[in-house]
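Heads up, the thing below is written out as structure tokens.
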Amino acid sequence: MILDKINAPADVKKLSVNDMKSLAEEIREALFNRLTKIGGHFGPNFGFVEATIALHYVFDSPTDKFVFDVSHQSYTHKILTGRKAGYIDDSRFSEDSGYSNPGESQHDFFNIGHTSTSVALALGLAKGRDILGRSENIVAVIGDGSLSGGEAMEALNVAGSELGSNFIVIVNDNEQAIAENHGGIYQNLKDLRESNGQAQNNWFRAFGLDYVYEENGNDIAALINVFEKVKDSKHPVVVHIHTQKGKGYRLAEENREAWHWCLPFDRATGKPTLDFGSGESYTSITSRYILDKARNDKDFIVVTPAMPMSVGLGIEERAQLGRQYIDTGIAEEAAVAIASGIATNGAKPLVVTNMTFLQRAYDQISQDVCINKAPITMLMNYTAFDGLTDVTHLGIFGLAAFTNIPDLVVLCPSSAEEYVNMLDWSIDQREYPVLILIPGNAVAHRAADMSFGNINQYKVEQLGEKVAIVALGDFFQKGEEAAAAIEKELGFKPTLINPRFASGLDKELLNSLKSGHSLVVTLEDGIVDGGFGEKIASFYGTSDMKVVNLGLEKKFYDRYNPQQLLESLGITADKIVERVKRFI
């Protein structure tokens, strides 16, 4: 096998074009080996195999520097830069993260998992090179879907007008983000594809960038030719290549959205080999709720920054929503500001995405929404410690970040009934901006209030003595387990509180706990520093009440075992009992 002889990019340069074609097929087999067994980003990587081989044949990594946007297309790069064991040796899968990672190799320069960043990061590398008087090539790789992100457009604007030196941007155009592309950029890309790059309107040239088009983005010889033409260029240039997302696997070629990312699967059928059962999930509850709400309330509209599947809105569901759905492309800032305008003009917007991506819209939430008291609802998925565990996709920072924005009501439901009732109340009310965290645990059922207009009013689910457990959102069930364990092991029934509101304190209730209680234990599915529990600890600071805050540490966890993490942090019923023993 040719891949056996490839241990560094220099080995690629020894190959003929025919050898490189064979190498491409061997790499796809290596990708199949990893992805069928542990899952990962399928479509982007399968579509960028030939381009990566050609890049390493023409350029000289790591002297010449590659920056891969989102890292969704970086697997072949990893294979060619000494990390093939993470794809061909099952025992070594864990050595290789799903994203570019300078901790793994000198051929990577940034740990990247968020989109639209590569052009700006690479532009910085280029400017640093110029300041230091060097001359290496700087290459940014970005998918067409990522171009809709503001950071990408801002960086292209700077590159075209301010740099004036070597800078190469490879636009990997496979006509698809995760879902379908949205926005005027994509009509221009379509025009450029259909005219073989000759369309009169060319938004890259409008930025002041040189431009080259290559239709055969999966043809190694054609790619080598075009990359050799732009290598060592003395000015910024965009190389626009047309590729096939999911190339080499028919199911992925035919259903590009479903195969953007995959669970472990059976290669023959494409069906996942992990069985999560047929029970309900918060995602299915959410998609069902959204469709029912849209049918019954024509003032309701869903706004998403290219993440409809975060709440289960597939192609059919989006078609049903029709004009009650808008995808802003990868543009969280715009999505939030647009929603503010929609609400200010009287309609009812629901913004949906993953928590890790909402971080990009912090300023818009603060300025465009909360200062203006626009009654929008933002619904976030993957907010839990055991949701997404890659360092670039953690949702555990959201509570600390967003609960400190004035006038933003942050709700953390603890059951399906509470979740749906919170959505109903939030979408229909006209007073508050609201952020709702979708629970990350298994669906729980319990009777719940219908309205949440009494802001920051906590709910006592069990009245007891000595110890009060304040368990937020999807950690409420852990609070139930701890309360039961305390009663069994220590012989008294503690008070159990479902706070529901993460963004404020129920001071009346907290004051009442001073009678008959000496310890408060807080539980939250987020970092403790700056989070929910610390606010309660601060409230009791001048009193005799002892407070124990349980949650996650302020650190960048990466590819951890969720249950082992809870054990290490003492967030288990038996360890909570041991803590209580030390105080009672």
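None of the figures in this text is laboratory data; all of them are computed from the coordinates on show. Remember, predicted model here, so these are calculated numbers, not experimental data. Here Cβ is always computed from backbone atoms with ideal geometry, including for glycine, and neighbour counts include all displayed protein chains.
Tell me, Ser161, Ser97, Ser71 in order of fewest to most beta-carbon neighbours within 10 Å?
Listing Ser161, Ser97, Ser71 from fewest to most nearby Cβ atoms yields Ser161, Ser97, Ser71.
Classify segment 386-428 from the C-alpha gyration tensor, please: rounded if a/c falls under 1.5, else prolate or oblate depending on whether a/b exceeds b/c.
Oblate.
Counting each DSSP H run of 4 or more residues in the chain as -39500 (n - 2.57), what helix-only mean residue ellipticity at 222 nm follows after dividing by all residues, to the nearest 500 deg cm²/dmol?
After summing the helix terms and dividing by the residues of the chain, the value is -10000 deg cm²/dmol.
Can you return the aspartates and glutamates within cross-link range of Lys546? Criterion is Cα-Cα under 17 Å, with same-chain partners fewer than 8 residues away left out.
Glu465, Glu534, Glu578
If you average the C-alpha positions of segment 47-68 and of segment 508-569 separately, how far apart do those two centres end up, in angstrom?
Their Cα centres are 47 Å away from one another.
Debye calculation, C-alpha points only, no solvent: report log10 I(q)/I(0) for segment 418-516 at q = 0.12, 0.14, 0.15, 0.22 Å⁻¹, in the same order as the q values.
-0.43, -0.58, -0.65, -1.22
Over 24 Å between C-alpha atoms is what I'm after, so list which of Lys507/Lys575; Lys13/Lys231; Lys271/Lys293; Lys488/Lys581 land there.
Lys507/Lys575; Lys271/Lys293
Just rank Val548, Val351, fewest to most, by other beta-carbon atoms within 10 angstrom.
Least crowded to most crowded, the residues run Val548, Val351.
Lys554: which lysines have alpha carbons under 19 Å from its alpha carbon, excluding same-chain residues fewer than 8 sequence positions away?
Once the sequence-local lysines are set aside, what remains near Lys554 is Lys535.
Find the relative contact order for segment 432-496 and round it to a whole percent, using C-alpha pairs within less than 8 Å whose residues are 6+ positions apart.
Rounded, it is 35 percent for segment 432-496.
Please report, in debye to the nearest 20, how large the charge dipole of segment 282-437 is about its Cα centre when each Lys and Arg carries +1 at its beta carbon and each Asp and Glu carries -1 there.
300
Hey, how much of the P(r) for segment 252-292 falls beyond 14 Å, as a percent of Cα pairs?
In whole percent, the long-distance tail amounts to 64.
If I fit a long axis through the Cα atoms of helix 332-344 and take the longest principal axis of the Cα atoms of the chain, what angle between them do I get, 0 to 90°, rounded to 10?
50
Net charge near Ile427, counting Lys/Arg +1 and Asp/Glu -1 over other residues with Cβ under 9 Å of its Cβ?
-1
Under 13 Å from the Cβ of Arg267, count the other residues' Cβ atoms, weight Lys and Arg +1, Asp and Glu -1, and hand me the total.
Here the charged neighbours net out to +3.
Please state, rounded to one decimal and in Å, the Kirkwood hydrodynamic radius that segment 282-437 gives when every pair of distinct Cα atoms enters the mean of 1/r.
That comes to 15.3 Å for segment 282-437.
Mind pulling the angle between the C-alpha long axis of helix 184-194 and the longest principal axis of the chain? Nearest 10 degrees, somewhere in 0 to 90.
30
For helix 282-296, report the angle its Cα long axis makes with the longest principal axis of the Cα atoms of the chain; keep it between 0 and 90° and round to the nearest 10°.
That helix lies at roughly 90 degrees to the long axis.
Take the alpha carbon atoms of segment 358-391, find their center, do the same for segment 217-237, and report the distance between the two centers in whole angstrom.
Value for the Cα centre distance between the two parts: 40 Å.
Rounded to the nearest 5, what % of the DSSP beta bridges within the chain are antiparallel ones?
Given both bridge residues lie in the chain, the antiparallel proportion sits at roughly 10 percent.
Stokes-Einstein D for segment 424-473 at 10 °C, 1.306 mPa s, Kirkwood Rh over Cα pairs, in µm²/s?
It comes out at roughly 116 µm²/s.
For segment 518-584, rounded, prolate or oblate, judged on the Cα gyration tensor with a ≥ b ≥ c (square roots of eigenvalues), a/c < 1.5 rounded, else prolate if a/b > b/c?
oblate
Please compute the alpha carbon radius of gyration of the chain, then divide it by the globular-protein estimate 2.2 N^0.38 Å. Two decimals is fine.
Against the compact-globule rule of thumb, the ratio is 1.05.
Taking the Cα centroid of segment 147-161 and of segment 103-136, what is the distance between the two, rounded to the nearest whole Å?
Measuring centre to centre over Cα atoms gives 15 Å.
Classify segment 460-583: rounded, prolate or oblate, from the alpha-carbon gyration tensor (a ≥ b ≥ c, eigenvalue square roots; a/c under 1.5 rounded; otherwise prolate if a/b is larger than b/c)?
The shape class here is oblate.
What ranking do Asp275, Asp96 get, fewest neighbouring Cβ atoms within 10 angstrom at the top?
Listed from fewest to most nearby Cβ atoms, that is Asp275, Asp96.
Which cross-chain or sequence-distant (5 or more) residues have an amide H under 5 Å from the amide H of Lys466, H modelled 1.01 Å from N in plane?
Amide H neighbours of Lys466: His517, Ser518.
Stretched out fully, how many nm does the piece from Ser135 to Glu228 gain, at 0.36 nm a residue minus the Cα gap?
Result for the pair: 31.9 nm of gain on full extension.
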